[in-house]
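In what follows, a structure is listed as structure tokens, so that the remarks can point back to it.
All of the numbers you see were taken from the coordinates with simple rules; none came from a lab. Values in this document were obtained by computation on a predicted structure and should not be read as measured data. Every residue, glycine among them, receives a Cβ derived from its backbone with ideal geometry; neighbour counts consider all protein chains shown.
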Amino acid sequence: MQSQAPIVILGAGQAGVQIAESLRQEGFAGRLLLLGEEPHAPYQRPPLSKRWLAEAGSLSALSLRGPDALVRRQIELRLETRITAIDRVRREVHPSNAAPLSYAKLAIATGALPRTLAVPGASLNGVLALRGIADSLAIGAAIRRCAAEQQPVVVVGGGFIGLEVAASARKLNAAVTVLEGMPRLMSRVTAPIVSEAFTRLHRSHGVQLLFGAQVTEIVGREGRVVAVRTADGQEYPAGCVVVGIGVLPDDVLARAAGLACERGIIVDDCSRTSDPLIVAAGDCTARRMPDGELLRLESVQNAVEQGKAGAAALMDRERPFRSTPWFWSDQYDVKLQMVGLSPGYDQVVTRGDLSKPAFSAFYFAAGRLLAVDSLSRIADHMQSKRLLDRGLSPTPEQAADPLFDLQSLLKEATADGA
Amino acid sequence: MPRVRYLEPSGREVTLELESGQSLMRGAVDAGVDGIEAQCGGHCICATCHCYVQAPWLDKLPAPSDDEKLMLSNVAAKRLPESRLSCQLIATNALDGLTVRFPDRQS
């Protein structure tokens, strides 16, 4: 019977769906079982903190693939299926509400979970975090109530999620306070000059931003949040609190099953885990890089590319994910696009208009381009992406010179036969 | 409801009835048409829903925005004069019969 067992995919998000579709593209003709915990068919997560949150769109607007798409590709989708264990010896996964399911091979795409605040009051009513549709709906409802009752929304964390929620809340006319523990916004991923541009942007939209704010307690009354207290003794009134302090990879099942994990399920660039029958993709993974370091990315592109690699690996093929990472964020009318990985930079130069903001920050290490953050500068982003994908670099002087055509480097490389 | 014909990279043809106002990208991913990725979900920032508009439809479409033109400069497959991003093409009754072809790679 073992040969008739399906390939089972844990997680019906971006990575899980990609693995299923890519398996069909790779020619897999056997049974394919896609298991999701939520009651919703596969959907896109990025809009949950952005436009969809502010506009309370329809569920179909979030759809990642319609039901027809899965039927057409003979992907069996089972929703509301929570897996409690992976048994690698018997090659089974254990649903909480049904008999064990055998697998021929297994793909893990369980995503990530929001980090929680470890302070008193963190579980009061009105303290919210964002992961899925239900969370986005709850946050949207809480923001609208705050707007109607003229109570502030307090966002804990000045990273992507926190700032996107803050921008959405302003769109809904709620007063917003953002409490960031570090001295600046998005400090983990951007240079100070980019953080400063976003500080000005949010303040110009009326957001109250506080830095170095260590939350020590969420204060409640009758089980509901009323304020957030920080280490300096300040109390910030709150009609609701949205906690956006990062995510942790959901590697619980993999870890319990004895797969190698370290801040995520360890995979190589072909999405292979320490078990030859199991691949993993997306936010739940940590990818071992050629230099031995582990790289954790939380992005759509990472889910898609690791998914493609994982599907190929399940078919015993190598299709390594090596393209340059990219990310995006929308805040108000600013489109932030990031390509490459900036850690380790020793120089930043800018191109464009810092005040608008419509500029790009180019990160260099020893004169070589590492990454580019573009604020409403699509051409810079696209050209930089092509440069980085091809291992090409402008000099810092060229990047900073608005009259220098970055595209000319691509043409030169092509002319050189590179 | 406008009908849109999609040509998959394999050459297979899929005809769909779209809602007026729906993007060609949305119609294709909902139905599971091969040859499209649409990683960003329709925000004109990833260039993975690239299509080639088949004659005689190109001139009947609204011209691409500046953003779309910039994104088209970075598509993975060959950029042709008839290249468009399908997330930016909106089905209308006037476009009944519109035909697009998806390239063999999007990223």
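Going by how many other Cβ atoms sit within 10 Å of their own, how do A:Glu21, B:Glu68 line up, fewest first? It would help to have the intermediate numbers written out before the result.
Working: A:Glu21 24, B:Glu68 18.
So the residues, fewest neighbours to most, are B:Glu68, A:Glu21.
Could you tell me the calculated FRET efficiency between A:Asp316 and B:Lys78, based on Cβ-Cβ distance and R0 = 41 angstrom, to the nearest 0.05?
Values: r = 31 Å, r/R0 = 0.75.
Taking R0 as 41 Å, the efficiency between A:Asp316 and B:Lys78 is 0.85.
Taking the Cβ of A:Ser96 as the center, what net charge do the other residues with Cβ under 10 Å away carry, scoring Lys and Arg +1 and Asp and Glu -1? Intermediate values should be presented prior to the final figure.
On the way: positive: A:Arg82; negative: A:Glu37, A:Glu80.
Spelling it out: positives minus negatives among the neighbours equals -1.
How big is the stretch B:15-107 by the Kirkwood estimate over distinct Cα pairs, in Å?
Numbers: mean 1/r = 0.0769 Å⁻¹.
With all distinct Cα pairs of the stretch B:15-107 included, I get 13.0 Å.
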Cut-off 19 Å, label point 7 angstrom out along Cα-to-Cβ of A:Ser408: give me the residues of the stretch A:336-373 whose amide nitrogen falls inside.
A:350-352, A:369
Output the relative contact order of chain A, whole-number percent, from Cα pairs under 8 angstrom with separation of 6+ residues.
14
With 15 Å as the cut-off, how large is the P(r) tail for the stretch A:319-418, expressed as percent of Cα-Cα pairs?
60
Which order do the peptides B:70-80, B:39-49, A:286-296 come out in when sorted by mean C-beta neighbours inside 10 angstrom, highest first?
B:39-49, B:70-80, A:286-296
From Cα pairs below 8 angstrom and at least 6 apart in sequence, can you work out the relative contact order of the stretch A:44-123, rounded to a whole percent?
13
extent check for the protein assembly as shown: Cα max minus min per principal axis, descending, whole Å, gives 66, 65, 52
Just counting partner chain Cβ atoms within 10 Å, what average do the residues of peptide A:79-91 show around their Cβ?
0
Take every residue in peptide A:377-390, count the Cβ atoms of other chains within 10 Å of its Cβ, and give the average of those counts.
3
When A:Lys335, A:Lys411, B:Lys69 are ordered from fewest to most other Cβ atoms inside 10 Å of their Cβ, what list results?
A:Lys411, B:Lys69, A:Lys335
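Which pairs break 19 Å Cα to Cα here: A:Lys335/B:Lys69; A:Lys308/A:Lys335; A:Lys50/A:Lys308? Display every interim value, and only then the final one.
Details: A:Lys335/B:Lys69 16 Å; A:Lys308/A:Lys335 27 Å; A:Lys50/A:Lys308 27 Å.
The answer is A:Lys308/A:Lys335; A:Lys50/A:Lys308.
Tell me the relative contact order for the stretch B:1-90 as a rounded percent, counting alpha carbon contacts under 8 Å between residues six or more apart. Please list the in-between numbers first.
Details: 132 pairs, mean separation 26.7, N = 90.
Reported as a whole number, the value is 30 percent.
Let me know the Kirkwood hydrodynamic radius for the stretch A:164-317, please, with Cα pairs as the basis and the value in Å to one decimal.
Numbers: mean 1/r = 0.0542 Å⁻¹.
With all distinct Cα pairs of the stretch A:164-317 included, I get 18.5 Å.
Within 10 Å of each Cβ in B:38-51, how many Cβ atoms from other chains are there, averaged over the peptide?
Details: counts 3, 12, 8, 12, 3, 7, 2, 9, 6, 2, 3, 0, 0, 0.
Other-chain Cβ atoms within 10 Å of each residue's Cβ, averaged: 5.
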